[in-house]
Amino acid sequence: MTETPFIEPVPWRPAAFPADAEAAAQLREWLDDTSYALHGVGHDFRGAGLSDGDFTGAWLIDAVLTGVELASACFYRADLTGADLTGANLAGADLVRAKLDRAVLRSARLDGADLVKASLFDVDASEASLRGTRIMGASLYDVDLRGADLTDAVLFQNTFKVTVDDTTLVSGLTGTVFGPVTVVGDEGPRPVGGADLEAWLAARGADVQVIPPQRRAG
């Protein structure tokens with residue numbers, strides 16, 4: 001019986017390094033010893049191609065990741081507080097338990113990403129694409145979803161204190177949330193919760209149950 005020869009796995013390498021010299025040096029140093037989490041606090045990673053990378057537990061507070069390719073990357077328990085992810089491609093990314101408080105996700109692509117138990121407080125996700133995204137057990141407080149696309153996204157018992165408008169797409173959105181949300185219309189913003197929120201979402205093709213406050217069992 002012929003034994004299958006052992007093939008040494010090829011270490012992950014970025015498709016491109018950041019244009020910024022300090023960020024590139026920090027990334028190269030980490031790649032030489034990935035036994036610790038990447039420390040990229042405040043670094044400018046623009047121009048990098050980081051798709052499929054494993055950034056578990058990474059420190060990316062206030063990092064600039066504008067337009068960076070991050071598809072299918074792993075950010076499990078990573079701290080992206082205050083990070084600028086405007087226009088970044090996070091399709092299929094693992095953001096389980098990631099901290100995204102004060103992050104900018106404007107026009108970012110998060111299609112098929114996993115946001116289970118992620119924390120998003122004071123986040124600008126306007127015009128972001130979250131098609132098929134799993135937003136389960138996550139905390140969303142003061143998240144701007146105006147113009148965002150949540151088509152076929154899945155919710156599960158999320159705190160969902162978000163701002164939406166008539167350009168927010170929710171067709172095929174399913175699951176359960178704690179409201180209320182803020183709906184911005186011609187007459188300005190107004191809180192919508194309970195049965196009114198369910199009706200607002202259903203009229204736009206969603207099937208979401210709003211959980212009454214008294215069912216917030218500890």
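The values are calculated or read from the model by the stated rules, or taken from the named source; none is laboratory data. Just so it is clear, the structure is predicted and the values come from calculations on it, not from any experiment. Quick reminder, even Gly has a Cβ in these numbers, built from the backbone with ideal geometry, and neighbours come from all protein chains shown. We work out accessible area using only protein heavy atoms, side chains counted, and drop any ligands, DNA or RNA first. Shrake-Rupley method; radii C 1.70, N 1.55, O 1.52, S 1.80 Å.
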- [ ] Please report, as a whole percent, how much of the solvent-accessible surface of the range 84-174 comes from carbon and sulfur atoms (probe radius 1.4 Å).
- [x] 46 percent
TODO: Considering Cα pairs under 8 angstrom that are at least six residues apart, work out the relative contact order of the chain and quote it in whole percent.
DONE: 10 percent
- [ ] Output the Kirkwood hydrodynamic radius of the range 143-218, Cα pairs only, in Å rounded to one decimal.
- [x] 12.3 Å
TODO: Would you mind getting the accessible area per residue of the chain, heavy atoms of the protein chains only, 1.4 Å probe, in Å²?
DONE: 50 Å²
Open item on the list: Quick check: the angle from helix 21-32's long axis to the longest principal axis of the chain, C-alpha only, nearest 10 degrees?
Closed with: 70 degrees
Task: Percent of Cα-Cα distances greater than 30 Å, calculated over the chain - done: 28 percent
Task: Segment Ala16-Asp186, length gained on full extension (0.36 nm per residue, minus Cα span) - done: 56.7 nm
Task: Label point 7 Å beyond Cα of Phe156 along Cβ direction - residues of the range 97-139 with amide nitrogen under 14 Å - done: 97, 114-118, 133-139
Open item on the list: Looking at the chain, identify the longest residue range that excludes and avoids all GluC sites (Glu not before Pro) in DSSP loops having at most 10 other Cβ atoms within 10 Å.
Closed with: 4-186
Task: Simple spin-label estimate for Asp62 and Tyr141 in nanometres, 7 Å along Cα-Cβ - done: 2.2 nm
